[in-house]
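So the structure is just underneath, and the comments pick up after that.
The values are calculated or read from the model by the stated rules, or taken from the named source; none is laboratory data. Source: prediction; values computed, not measured. Cβ coordinates were reconstructed from backbone atoms using ideal geometry, including for glycine residues, and neighbour counts include every protein chain displayed. Surface areas here come from the heavy atoms of the whole protein model, side chains and all, with no ligands, DNA or RNA. Shrake-Rupley method; radii C 1.70, N 1.55, O 1.52, S 1.80 Å.
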Amino acid sequence: MFSIEEIKSLIDKVSQSGLALVELQEKDFKLVLKGREAVCASAPAAGAPVREAPSDAPGAEIAAPAPVPAGNVVTAPIVGTFYAAAAPDKPPLAPAGKSVKKGDVLFIIESMKLMNEVLAERDGQVAEVLVENGAPVEFGQPVLRMA
């Protein structure tokens, strides 16, 4: 099984290499890393209308990428579930408006039943939390913005 540090190192290497997909498997453990260029296909929700149009068709609209929030954005270092607090009955670790020091825990991402603390890389103030508590996050997804 891979350690968290080894997984983080692999994530860094995949993001720098431009690879679209890396899959590793060791016994009962499987790790899938998707780079920024990878296309993730998923089925639409039941009952959701499906509309496809060629990109050159009249009236076809291309969705603009989501704007990147201004300021120092902290992104998810791994794929998992975002938690703002250490436990459901605890207050958020870094709510909007809170001043934090380098090394303070900002949030937790649960990945493969492991709780991974994400630490502040610099002193600052949390301007905005961009993800709902308990929501899934992708590697590189903006999670919070520092002022």
Name every residue in the stretch 131-147 that is among the aliphatic types (A, V, I, L, M) and over 12 Å from the mean Cα position of the chain (by Cα), in order of residue number. 146, 147
Looking only at the stretch 99-130, filter to residues that are under 16 Å from residue 75 (Cβ atoms) and open to solvent by 80 Å² or more (accessible area, probe 1.4 Å); which one of those is farthest from the chain's Cα centre (by Cα)? 122
Do any strands (runs of 3 or more DSSP E) entirely within the stretch 68-147 hold 3 or more residues that are closer than 19 Å to residue 4 by Cα and among the hydroxyl-bearing types (Ser, Thr, Tyr), and if so, which? none
List every residue pair whose Cβ atoms lie under 8 Å apart, where the two residues are 6 or more positions apart in sequence or sit on different chains, the first residue falls within the stretch 6-22 and is at pLDDT 70 or above, and the second residue, located anywhere, is assigned to a helix (DSSP H, G or I). 22/10; 22/14
